[in-house]
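Comments concern the structure below.
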Amino acid sequence: MKIKNRYSKQKIDKKNIRLNNRLNFIKKIRLLTRKIKPLTKMEEFLFIEEHPHFDRLETKEKDKYIYLSNMIIENIVLKNNCNDLFNGILNLYKANPLNGYLGGEIHPEQLKSAILSFSKSYNQHRWTRLCSISPNDKELYKYCDYIEISIFEISNDLIGISFNLSMTSEFKKQSEKILTKKVKAKTIYTEYKYKNKKSYGVSCTALNSYRNNDYEDFILEIKDRFNKLFNKFLPLELDYKVKSPISLNIYQTNYDLKNDKSSYLRSLNFIESFHFLESEKSKVCIRGKTKGDDIIDTDIWYSISVGDNEIDRSNNIYYFVENKKWKIISSSSEYVNVLSLTIAFYQLEEMINYISRERHKLYDCSYKKIRKNFKQYEFLNKNINIYKMMFDNFKYWGYSLEDNYLKKGYDNLNKKYKEYYHQYEDISNEYNFRLNINNLKSSYFLTVISIIIALLALFLTIYFENRQVSSESNNSNYSCRIQNRTKEEKI
């Protein structure tokens, strides 16, 4: 699969690529001409000396495996848009009907009734499965043949929508190929500047990081292409134009993630054992153990957090499944609490960053710039509204599987939200203060102008009245003189 998504491009340092291309070109020229002009010590260091790399490429242990079984891409929909959601689901299903599975038909009246029941502005903790589809795109269908679409209530105003992608054996083969492939160390040049002087450093790529980066790009590409498919038909609030789609990734493995000391596991950047929480033995549905489906008891590990400056925005759940040929059969209903927490964590993180940016905008803006202050205040209130709707009656799903960690997660999120909402209120009050001052200034200015205009009008009125009286007096005197002259002529 060719990597074309915008998120992977964010990791590319174009300036460093140009530097390396330039130095590699210079290296070829200087090695050809070194007999004519000897190399300097710096050139010998950069172009001739061997630079050892200290990162060993880890290999997977025999009979061990770990792969992504399901990817649940998340988004949100306004309850006001339930009608548009219904029409969008119909059109999405028509363009991407379910292939290869029974029971995939859709009943429009039942679907409409189910969706419109979510339009009430109150969080009643409802969940429903809408339909299942298969991507019409051949390349996407090769990696995911089945998508379960469900909706669930997040708050009084928002519906969560989940797209549960069941990954195919081809996807798993491609993933394993990326995560076990042999990669070679590559020389990387770096430029340093001090005052007007330049110097260069040289290093080698971290082998495991190189491999992890390719895997992350593969996951991001899958997310991006499916998100474009869903966004084409549905009224989704998060467009993911800048940041990658939020997802909950379901892995299965026969590694004991909490206790296994495998160096290969530690080399995978999506495995962070120090963040893991281990649940008690839980029941899970397995397909492939016998002719039918079976329920087994197994260990589950999960991690609900937000990484710093991460490109792939996801949380992970890991199931211990001894046999690689067995497949987990899971429904989005099992993960509603985790799905809600995952999307809320990332939304809160965005809110924190947004408030920080708005604070800088506020104090960089002069009091005198009335229009700019007003526009910034208008955008602030408009953009903060989606975060307000997210946490309006955002609470734990009580009848779901009891989990004290998840309960605390809801409490902590609501607590943090209130803290940062107070910061928004401080910014809002400052804008109100500025606008009130500007209004007072404008009122004072308008009052002064009104007084000046009134005085000017009074002056002009008096002036023209005096002029009119003078004109009438002159006309009267002129008339008298004419009458006198006429009398004299008669005499």
Note on the range 284-338: residues farther than 24 Å from residue 169 by Cβ and part of a loop (DSSP other than H, G, I, E, B) are 304, 305, 306, 307, 308, 309, 310, 311, 313
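The rows are residues; the columns are (1) open to solvent by 60 Å² or more (accessible area, probe 1.4 Å); (2) modelled with pLDDT under 70; (3) among the aliphatic types (A, V, I, L, M); (4) within 30 Å of residue 351 (Cβ to Cβ).
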residue	(1), (2), (3), (4)
418	yes, no, no, yes
440	yes, yes, yes, no
452	yes, no, yes, no
467	yes, no, no, no
478	yes, yes, no, no
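Within the range 158-167, is there a residue that is open to solvent by 30 Å² or more (accessible area, probe 1.4 Å) and modelled with pLDDT under 95?
Residues of the range 158-167 open to solvent by 30 Å² or more (accessible area, probe 1.4 Å): none.
Within the range 158-167 (the criterion being open to solvent by 30 Å² or more (accessible area, probe 1.4 Å) and modelled with pLDDT under 95), the answer is no, since none of the residues qualifies.
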One residue is enough: does the range 66-85 have a residue meeting the conditions open to solvent by 60 Å² or more (accessible area, probe 1.4 Å) and over 22 Å from residue 235 (Cβ atoms)? no
With the checklist (1) out of contact with any Asp or Glu (no Cβ under 8 Å at 6 or more places or on another chain); (2) at pLDDT 95 or above in hand, flag the one item residue 35 doesn't pass. (2)
Given (1) in contact with an Asp or Glu (Cβ under 6 Å, 6 or more places away or on another chain); (2) at pLDDT 95 or above, where does residue 226 come up short, assuming only one miss? (1)
Residue that is nearest to the chain's Cα centre (by Cα) [pool: residues in the range 168-194 that are among the small types (Gly, Ala, Ser) and open to solvent by 40 Å² or more (accessible area, probe 1.4 Å)]: 169
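When you look at residue 17, is it more than 30 Å from residue 141 (Cβ to Cβ), aliphatic (A, V, I, L, M), modelled with pLDDT of 80 or more and surrounded by fewer than 13 Cβ atoms within 10 Å (Cβ to Cβ), yes or no?
Working: more than 30 Å from residue 141 (Cβ to Cβ): yes; aliphatic (A, V, I, L, M): yes; modelled with pLDDT of 80 or more: yes; surrounded by fewer than 13 Cβ atoms within 10 Å (Cβ to Cβ): yes.
Spelling it out, residue 17 is indeed more than 30 Å from residue 141 (Cβ to Cβ), aliphatic (A, V, I, L, M), modelled with pLDDT of 80 or more and surrounded by fewer than 13 Cβ atoms within 10 Å (Cβ to Cβ).
So which of 318, 251, 264 is hydroxyl-bearing (Ser, Thr, Tyr), buried (at least 19 other Cβ atoms within 10 Å of the Cβ) and out of contact with any strand residue (DSSP E or B) (no Cβ under 7 Å at 6 or more places or on another chain)?
Numbers: 318 fails: out of contact with any strand residue (DSSP E or B) (no Cβ under 7 Å at 6 or more places or on another chain); 251 fails: out of contact with any strand residue (DSSP E or B) (no Cβ under 7 Å at 6 or more places or on another chain).
None of the others qualify; the one that does is 264.
Out of 4, 15, which single residue is without any contact (Cβ under 8 Å) to a residue 12 or more places away in the chain, under 29 Å from the mean Cα position of the chain (by Cα) and over 14 Å from residue 187 (Cβ atoms)?
Numbers: 4 fails: without any contact (Cβ under 8 Å) to a residue 12 or more places away in the chain.
Criteria check complete, one pass: 15.
Only residues that are without any contact (Cβ under 8 Å) to a residue 24 or more places away in the chain and either of a type in the set (Val, Ile, Thr) or closer than 21 Å to residue 414 by Cα (or both): list them for the range 297-328, please. So that I can check it myself, show each step before the final result.
Keep residues of the range 297-328 that are without any contact (Cβ under 8 Å) to a residue 24 or more places away in the chain, which gives 297-298, 300, 307-310.
Once the filter is applied, which keeps residues that are without any contact (Cβ under 8 Å) to a residue 24 or more places away in the chain and either of a type in the set (Val, Ile, Thr) or closer than 21 Å to residue 414 by Cα (or both), the range 297-328 yields 298, 300, 307, 308.
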If you go through the range 321-336, how many residues are of a type in the set (D, E, K, R) and within 26 Å of the chain's Cα centre (by Cα)? 1
For the range 172-191: of the residues being in a helix (DSSP H, G or I) and without any contact (Cβ under 8 Å) to a residue 60 or more places away in the chain, which is nearest to residue 105 (Cα to Cα)? 173
Looking at residue 175, is it over 30 Å from residue 83 (Cβ atoms) and hydroxyl-bearing (Ser, Thr, Tyr)? yes
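Could you list, in sequence order, all residues of the range 329-361 that are among the hydrophobic types (A, V, I, L, M, F, W, C) and either without any contact (Cβ under 8 Å) to a residue 24 or more places away in the chain or surrounded by fewer than 18 Cβ atoms within 10 Å (Cβ to Cβ) (or both)?
So the first thing to find is which residues in the range 329-361 are among the hydrophobic types (A, V, I, L, M, F, W, C), and the list is 329, 336, 338-339, 341, 343-345, 348, 351-352, 355.
Listed by number, the residues that qualify are 329, 352.
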Breaking point among (1) modelled with pLDDT under 90; (2) closer than 30 Å to residue 397 by Cβ; (3) of a type in the set (Phe, Trp, Tyr), for residue 118: (1)
Restricting to the range 111-125, count the residues that are within 27 Å of the chain's Cα centre (by Cα), open to solvent by less than 50 Å² (accessible area, probe 1.4 Å) and not hydrophobic (A, V, I, L, M, F, W, C). 2
Only one of (1) surrounded by fewer than 20 Cβ atoms within 10 Å (Cβ to Cβ); (2) under 32 Å from the mean Cα position of the chain (by Cα); (3) modelled with pLDDT of 85 or more fails for residue 297. Which number is that? (2)
Enumerate the pairs (first residue in the range 431-455 and under 30 Å from residue 380 (Cα atoms); second residue anywhere and open to solvent by less than 60 Å² (accessible area, probe 1.4 Å) and modelled with pLDDT of 65 or more) with beta-carbon separation below 6 Å, excluding pairs fewer than 6 apart on the same chain, so at least 6 apart or on different chains. 431/377; 434/373
Give the range 344-374 a look and list any residue that's at pLDDT below 75 and not in a loop (DSSP other than H, G, I, E, B), or say none. 370, 371, 372, 373, 374
Of the conditions (1) surrounded by fewer than 12 Cβ atoms within 10 Å (Cβ to Cβ); (2) more than 23 Å from residue 215 (Cα to Cα), the single one that residue 62 does not satisfy is (2)
Which helices (runs of 4 or more DSSP H) sit wholly inside the range 12-103 and have at least 2 residues that are in contact with a strand residue (DSSP E or B) (Cβ under 6 Å, 6 or more places away or on another chain)? 14-33, 82-95
Within the bounds of the range 215-235, is there any residue that is part of a loop (DSSP other than H, G, I, E, B) and surrounded by fewer than 20 Cβ atoms within 10 Å (Cβ to Cβ)? yes
Residue 310 passes all but one of the listed conditions (1) within 24 Å of residue 162 (Cβ to Cβ); (2) at pLDDT below 85; (3) in contact with a strand residue (DSSP E or B) (Cβ under 8 Å, 6 or more places away or on another chain); the exception is number (3)
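The values are calculated or read from the model by the stated rules, or taken from the named source; none is laboratory data. Note that the structure is predicted; figures quoted are calculated from it, not measured. When we count neighbours, we look across all protein chains shown, and the Cβ atoms used for this are built from the backbone with ideal geometry, even at glycine. Only protein heavy atoms, including side chains, enter the accessible area calculation; ligands, DNA and RNA are left aside. Shrake-Rupley method; radii C 1.70, N 1.55, O 1.52, S 1.80 Å.
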